[in-house]
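Asker: Following this message is one structure expressed as structure tokens.
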Number of protein chains: 4
Amino acid sequence: MSGNTFGTLFTVTTFGESHGPAIGCVIDGCPPGLALSEQDIQPELDRRKPGTSRHVTQRQEADKVEILSGVYQGKTTGTPITLLIRNEDQRSKDYGNIVDTFRPGHADFTYWNKYGVRDPRGGGRSSARLTAPVVGAAAIAKKWLKEKFGTSFQGGMTQLGEIAIPFQSWEHTPNNPFFAPTGDGAIIAELETYMDALRKDGDSIGARIDVVANNVPIGLGEPIYDKLDADIAYAMMGINAVKGVEIGAGFACVAQRGSEHGDEITESGFLSNNSGGILGGISTGQEIRVSIAIKPTSSIRTPKRSIDRSGNPVMVETFGRHDPCVGIRATPIAEAMLALVLMDHVLRDRAQCADVVRKGSGLT
Amino acid sequence: MSGNTFGTLFTVTTFGESHGPAIGCVIDGCPPGLALSEQDIQPELDRRKPGTSRHVTQRQEADKVEILSGVYQGKTTGTPITLLIRNEDQRSKDYGNIVDTFRPGHADFTYWNKYGVRDPRGGGRSSARLTAPVVGAAAIAKKWLKEKFGTSFQGGMTQLGEIAIPFQSWEHTPNNPFFAPTGDGAIIAELETYMDALRKDGDSIGARIDVVANNVPIGLGEPIYDKLDADIAYAMMGINAVKGVEIGAGFACVAQRGSEHGDEITESGFLSNNSGGILGGISTGQEIRVSIAIKPTSSIRTPKRSIDRSGNPVMVETFGRHDPCVGIRATPIAEAMLALVLMDHVLRDRAQCADVVRKGSGLT
Amino acid sequence: MSGNTFGTLFTVTTFGESHGPAIGCVIDGCPPGLALSEQDIQPELDRRKPGTSRHVTQRQEADKVEILSGVYQGKTTGTPITLLIRNEDQRSKDYGNIVDTFRPGHADFTYWNKYGVRDPRGGGRSSARLTAPVVGAAAIAKKWLKEKFGTSFQGGMTQLGEIAIPFQSWEHTPNNPFFAPTGDGAIIAELETYMDALRKDGDSIGARIDVVANNVPIGLGEPIYDKLDADIAYAMMGINAVKGVEIGAGFACVAQRGSEHGDEITESGFLSNNSGGILGGISTGQEIRVSIAIKPTSSIRTPKRSIDRSGNPVMVETFGRHDPCVGIRATPIAEAMLALVLMDHVLRDRAQCADVVRKGSGLT
Amino acid sequence: MSGNTFGTLFTVTTFGESHGPAIGCVIDGCPPGLALSEQDIQPELDRRKPGTSRHVTQRQEADKVEILSGVYQGKTTGTPITLLIRNEDQRSKDYGNIVDTFRPGHADFTYWNKYGVRDPRGGGRSSARLTAPVVGAAAIAKKWLKEKFGTSFQGGMTQLGEIAIPFQSWEHTPNNPFFAPTGDGAIIAELETYMDALRKDGDSIGARIDVVANNVPIGLGEPIYDKLDADIAYAMMGINAVKGVEIGAGFACVAQRGSEHGDEITESGFLSNNSGGILGGISTGQEIRVSIAIKPTSSIRTPKRSIDRSGNPVMVETFGRHDPCVGIRATPIAEAMLALVLMDHVLRDRAQCADVVRKGSGLT
């Protein structure tokens, strides 16, 4: 209830701080019998890990995952699966200058007020490093959903600062440092130049990330509150630095008429996807479409006005190894959150509705 | 767990269908000793109820609330408070033509697939009518927060279709049928003309709603998952027809630099509010700022392609009494959801952090 | 979270006070498609209701149940089912003398200390009258379990004060006022005489109740904490006046050796049932066996020492219409709690383990 | 939701298997600012650990605990505290003979049926070894409750097989291998002789354990379902091998009259404690009194009839290192569960009732 557990039936309880001895999570509710080893999880962690290009933090973390429980003879047993990741590169001295001051736009102000405790080591619990265990947990959900329904997840950056990135194909995202869904080298070059200038300025920038899921079963989502889109919004807004979430048409729907927005249905399926694959909080079977806005990181070299713990005015500049655009590494995280939400809702749906035979709409 | 309960410590469990005998909710976790009667709740329901202008549904519902439990001699006892609202105007015949077909953009398609049951009476459980009990429950939360911290809530429409509504003051919202925060008669007239034309066309339109809360205690929100902004996003996206949620700067942060976005702090407080009053998922004590996008209703007279329950192609036109812009009545609902989230987090915060003395930042 | 909701996936949220306008509950998570009407529920309420013999309270309550939501055209829709029972016989004057004093052994002392509010109307929320909605909710669970697995529930009184009631058959329980599983008229006469004398004395007495469930699926129960027996113990100890719970051999196992206690298994099944149908917290497929101890009611005419709200010494005698042995009406309540626990665990089990094919043990 | 998390606001999520690489738990909801190190936790683990006398399993486990998160500069931060205990003595070969058969009275039968997976390594997840992390977690709760309210916990064995152990004082429990609350050397000698004979027979035996808590705040417990006694019953029945739970007078109340059972109150407090410190599910401020029945372990050398995974009849004898009386090591576990329940309810109570001033009864 203290907010460190994600999910209802497929739950992920994370633990650890950015610069403590280790981070990790306990995954409860995984169906038994799934073939699972560290090799299923590590690739997702590698997509998210720091130090993969000059545009992200240079902190060196292998993010090597160890399974501590819940797997026997290569298969899940139905008992809690624990993932452990030891922290390796804990240069706490980098944070020396922010022990007593609050970075504008950073959680250190609110954590200190809430808990009366200051853990300045790399953001402590509020660090984006804590998304690593979740990405690991989601690798398990992704594998199970893939085997069960053929569900797949893709995502990428569609805007960096003011540079819109025209969508070509998700297949391009592994081939550039930005998870940009484009094969256009000119755009990638523009992004690289932009980031280089930004780094030189000691500043940071926001980004927009889109994620989708395909082959999603129809009928996922609970009415009224635990709607599928509500749970997705919760999951996405819970990612560090996210300030906005859209499903399907998102804010564009404000200017749409009903005659345009409502996705028509034919015998061969929906003709459009303004709904983002969700109607009344329940999945339609179409592609789930989600967009998020990620703010620029608050740890920048540019000096800003702030106060210290005694309330005295100070100027704050943050050194250390920070991402100038946390959005760059956000794609695997957003995919992970989407996978966890879908996994949870599959289990919830079959609890109550396992007896419902879904047929007859011509679409399933 | 079937998604009909909102909240963790201050919970609201709603029940009922649009055209069944009654709707209502059970509120659990309300602190004892709060003076409470129907007169505290009815005004909020009256703000939301149908039939108050020609621009909303003409269904006649008094939405008269009865307290069935949890109050003794005019005070809450700490036991569950039950609110009951009898349905009065149940002209089910209006829905006769949609019993076997699916409205494009409507939940009737997904409900039927999920549950294998069709309740065509006015949307059944998926009807926006089910927001009434929540508005009632939130009236209690608002009263408690007001007495305890002086917390207040305001909201209004800031865009209707393509018409942006420049913000003047929240005090104007009761004086026009749109909850528009403007005293500019020309703008109100433009909105009225727009809606009249839309109704004549048999079409519907989207809207953007902003809500804020003031005098919010610092320190609300749980780290990692049950962040205050994540719970707000969940609450807002769970409102019928919402497709997007923003906190503070929202999607505008994509194009912001860190040097611009991070709100500077001085001895007398924050100098800006890009954060929307939330950092690291925890309230800063500033105004909480939330925006939502509401899609156009799917129940329109304009014919659209769809299928029936056997998968055969049909054309669907919806008659009956529907809101051409569900956004018009959304303001009190959005305020209500925000109030419920804050109430819940106050209780959660004092469970764990009641011993923390919050002082010294100069801001609290 | 304030403890008025029972269950995890099949949840029952009760509301109301003994002498308020109404009591009832909201049942969430019921699978859709179950044929259901008031006629399925009323008979269980009738088994529990007061005034059925001279040995129980003479309060006149028809306990007539109304379904307010969740059922359409005679079938459950998967949305919340609300049961409403209006209170009819609210002679609050009977309680006039206990407004300011605390009955020894009664919840009025602790409620007042916890909530700072005194609701003296018949025990208010702590009244055993609040078991009525739960019995109603359990009627739905019983029906679903019966249709799905053929599960059946029986129970009865096996001891009244110092009088042990030798078990003959559950089929006798409807034929005497005690739910005694015996057809021996001499024993029934002894019980009647005993109760008549007790009433004359203005005193009350304890009882022991046994309940069983048959045709329970194998595999119900979650490991470590939400064990099936742990959840049964929680459910039973939560019934008003219960002070002890046993599963299977219960406290007799203290003096058993392992060579005696462990139930042997053969090709045709288990040879004994010391386990009470549960091993390691998970159902074995055998009969579930539970016993509970019910204390004598604290509302008696015999004067006892106590204090008033100011801490001054007083003598308390309770008049009004109370059960001299609350155990007499406890059988349907205990069956109800067992049914709710099993229902919930069936849904939980199929969420995680729907893919497990249970075979090969020769027993299922 | 899969039952590996204990608690509502102070939650303990355990993980690990008896013979996997490690066991441990994540504790969420601990108030910030509590001084904490491994030295606060290890002593409780040492009380529970195996190999401390010839009467318990000879498995050699140091049960050395490591804190992985949630503590900074010697104080809790309010974030999740993770305890890790590496397994050391994993002689899995001891279990070779039970890979394909089911021990009568053991969870291996039900686990296999539920999950379709067999983890024969020392009982896997169902092993009583998994109580170690909980004892560790409870050490934190005990410390916090001690500092806050002066709450203390004691417990001990009051019956071994047919040998009743007359209570003298809790202070004797550390001075004999049974946690017997007696200084009578003759009784201890009798117990030792009994256990020696039992071991020689290759058999096992049950036990009765009593635990108490003193200086418990008044007002803990939620009405109707999450009663304090219901949650205690759940916690206790969830301990491996427990088959019965009593609060206060327990089953003795069946034969009590109300005039005897109801604890009288005077200006200086209660005159007796049949209630076990709980009325209407809420603590009275008196000593909390709980008794549990622990069955004889099922892993014995005495041959018993069973079946194998194909349903064929077999004779099962269990070798390996098992406790002949699991009750001997159960005292610290039962104390731990009681501490966790009280801790959780303190947090729940202050969430809802922090504003209630508890005074005036003369007792608080």
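The values are calculated or read from the model by the stated rules, or taken from the named source; none is laboratory data. What you are looking at is a predicted structure, and each value in this text was computed from that prediction instead of being measured. When we count neighbours, we look across all protein chains shown, and the Cβ atoms used for this are built from the backbone with ideal geometry, even at glycine.
Asker: Yes or no: segment B:310-320 includes at least one residue that is within 19 Å of the chain's Cα centre (by Cα) and more than 7 Å from every other protein chain (Cβ to nearest Cβ).
Answerer: No: zero hits.
Asker: While we're looking at this one, here's another question. Identify all residues within segment C:197-210 that are among the charged types (D, E, K, R), in contact (Cβ under 8 Å) with a residue 24 or more places away in the chain and part of a helix (DSSP H, G or I); write none if there are none.
Answerer: Matches in segment C:197-210: C:199, C:201.
Asker: Now a separate question. Out of (1) more than 30 Å from residue C:30 (Cα to Cα); (2) more than 7 Å from every other protein chain (Cβ to nearest Cβ), the odd one out for residue A:298 is which?
Answerer: (2)
Asker: Right, something else. For the structure I just gave you, tell me whether residue A:287 is among the acidic types (Asp, Glu) and either buried (at least 22 other Cβ atoms within 10 Å of the Cβ) or at the interface with chain B (Cβ under 8 Å from one of its Cβ atoms) (or both).
Answerer: No.
Asker: Which condition number in (1) in contact (Cβ under 8 Å) with a residue 40 or more places away in the chain; (2) in contact with a strand residue (DSSP E or B) (Cβ under 9 Å, 6 or more places away or on another chain) is the one that residue B:5 fails?
Answerer: (1)
Asker: Give B:188, B:81, B:165 a once-over and let me know the one that is without any contact (Cβ under 8 Å) to a residue 40 or more places away in the chain, touching a strand residue (DSSP E or B) at 6+ places or on another chain (Cβ under 6 Å) and more than 22 Å from residue A:281 (Cβ to Cβ).
Answerer: Being without any contact (Cβ under 8 Å) to a residue 40 or more places away in the chain, touching a strand residue (DSSP E or B) at 6+ places or on another chain (Cβ under 6 Å) and more than 22 Å from residue A:281 (Cβ to Cβ) holds for just one of B:188, B:81, B:165, which is B:165.
Asker: Cβ-Cβ distance below 6 Å, separation of 6 or more or different chains: which pairs start in segment A:346-361 with a residue that is more than 7 Å from chain C (Cβ to nearest Cβ) and end on one that is at pLDDT below 75?
Answerer: Between residues of segment A:346-361 that are more than 7 Å from chain C (Cβ to nearest Cβ) and residues that are at pLDDT below 75, the close pairs are A:358/A:364.
Asker: Ok, one more. Of the residues in segment C:233-255, how many are touching a strand residue (DSSP E or B) at 6+ places or on another chain (Cβ under 6 Å), farther than 23 Å from residue D:328 by Cβ and assigned to a helix (DSSP H, G or I)?
Answerer: Final tally of qualifying residues: 2.
Asker: Then there's this: Would you mind stating whether residue D:204 is of a type in the set (Gly, Ala, Ser), crowded, with 24+ Cβ neighbours inside 10 Å, more than 7 Å from chain C (Cβ to nearest Cβ) and over 23 Å from residue C:203 (Cβ atoms)?
Answerer: In short, no.
Asker: I would also like to ask the following. Given the criterion at the interface with another protein chain (Cβ under 9 Å from one of its Cβ atoms), of a type in the set (D, E, K, R) and either under 19 Å from the mean Cα position of the chain (by Cα) or surrounded by 20 or more Cβ atoms within 10 Å (Cβ to Cβ) (or both), identify the matching residue among C:40, C:28.
Answerer: C:28
Asker: From the list D:250, D:238, D:221, D:244, which residue is facing chain C (nearest Cβ under 7 Å) and at positive phi?
Answerer: From the options D:250, D:238, D:221, D:244, the qualifying one is D:250.
Asker: Hey, another quick one. Regarding residue A:46, is this residue charged (D, E, K, R), in contact (Cβ under 8 Å) with a residue 24 or more places away in the chain and within 23 Å of residue A:328 (Cα to Cα)?
Answerer: For residue A:46, the condition - charged (D, E, K, R), in contact (Cβ under 8 Å) with a residue 24 or more places away in the chain and within 23 Å of residue A:328 (Cα to Cα) - is not met.
Asker: A further question follows. Can you pull out the residues in segment B:211-228 that are part of a loop (DSSP other than H, G, I, E, B) and touching an Asp or Glu at 6+ places or on another chain (Cβ under 7 Å)?
Answerer: Listed by number, the residues that qualify are B:219, B:220.
Asker: Go through the residues of segment A:180-187 one by one and say whether even a single one is crowded, with 19+ Cβ neighbours inside 10 Å, closer than 17 Å to residue A:329 by Cα and touching a Cys at 6+ places or on another chain (Cβ under 9 Å).
Answerer: No, segment A:180-187 contains no residue that is crowded, with 19+ Cβ neighbours inside 10 Å, closer than 17 Å to residue A:329 by Cα and touching a Cys at 6+ places or on another chain (Cβ under 9 Å).
Asker: Moving on. Which of the residues spanning segment B:256-282 are facing another protein chain (nearest Cβ under 7 Å), crowded, with 24+ Cβ neighbours inside 10 Å and not in a loop (DSSP other than H, G, I, E, B)?
Answerer: Once the filter is applied, which keeps residues that are facing another protein chain (nearest Cβ under 7 Å), crowded, with 24+ Cβ neighbours inside 10 Å and not in a loop (DSSP other than H, G, I, E, B), segment B:256-282 yields B:258, B:261, B:265, B:279, B:282.
Asker: If you don't mind, there's one more thing I want to ask. Which of the residues that make up segment C:115-156 are farther than 19 Å from residue C:83 by Cα, hydrophobic (A, V, I, L, M, F, W, C) and in contact with a Lys or Arg (Cβ under 8 Å, 6 or more places away or on another chain)?
Answerer: Passing the criteria: C:117, C:153.
Asker: When only residues in segment B:321-335 that are of a type in the set (D, E, K, R) and part of a loop (DSSP other than H, G, I, E, B) count, which is farthest from the other protein chains (Cβ to nearest Cβ)?
Answerer: Restricting to residues being of a type in the set (D, E, K, R) and part of a loop (DSSP other than H, G, I, E, B), the top hit is B:321.
Asker: Follow-up question, since we're still on this one. Output the number of residues of segment B:1-25 satisfying the condition of being away from chain A (no Cβ under 12 Å) and in contact with an Asp or Glu (Cβ under 7 Å, 6 or more places away or on another chain).
Answerer: Number of matching residues: 1.
Asker: Scan segment D:43-55 and tell me whether some residue there is β-branched (Val, Ile, Thr) and either surrounded by 21 or more Cβ atoms within 10 Å (Cβ to Cβ) or in a strand (DSSP E or B) (or both).
Answerer: No - not one qualifying residue is present in segment D:43-55.
Asker: Could you tell me which of the residues D:104, D:133, D:120 is more than 21 Å from residue D:242 (Cβ to Cβ) and either of a type in the set (Lys, Arg) or in contact (Cβ under 8 Å) with a residue 12 or more places away in the chain (or both)?
Answerer: Sole residue among the options that is more than 21 Å from residue D:242 (Cβ to Cβ) and either of a type in the set (Lys, Arg) or in contact (Cβ under 8 Å) with a residue 12 or more places away in the chain (or both): D:120.
Asker: So in segment C:1-21, with the set limited to residues that are touching a Phe, Trp or Tyr at 6+ places or on another chain (Cβ under 7 Å) and farther than 23 Å from residue C:143 by Cβ, which one is modelled with the lowest pLDDT?
Answerer: C:3
Asker: For residue C:312, which of the numbered conditions (1) touching a residue at least 24 places away in the same chain (Cβ under 8 Å); (2) surrounded by fewer than 21 Cβ atoms within 10 Å (Cβ to Cβ) fails to hold?
Answerer: Going through (1) touching a residue at least 24 places away in the same chain (Cβ under 8 Å); (2) surrounded by fewer than 21 Cβ atoms within 10 Å (Cβ to Cβ) one by one, residue C:312 breaks only (1).
Condition check ((1) part of a strand (DSSP E or B); (2) of a type in the set (Ser, Thr, Tyr); (3) surrounded by 24 or more Cβ atoms within 10 Å (Cβ to Cβ); (4) at pLDDT 90 or above) across all residues:
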site: B:82; (1), (2), (3), (4): yes, yes, yes, yes
site: B:97; (1), (2), (3), (4): no, no, no, no
site: B:117; (1), (2), (3), (4): no, no, no, no
site: B:122; (1), (2), (3), (4): no, no, yes, no
site: B:146; (1), (2), (3), (4): no, no, no, yes
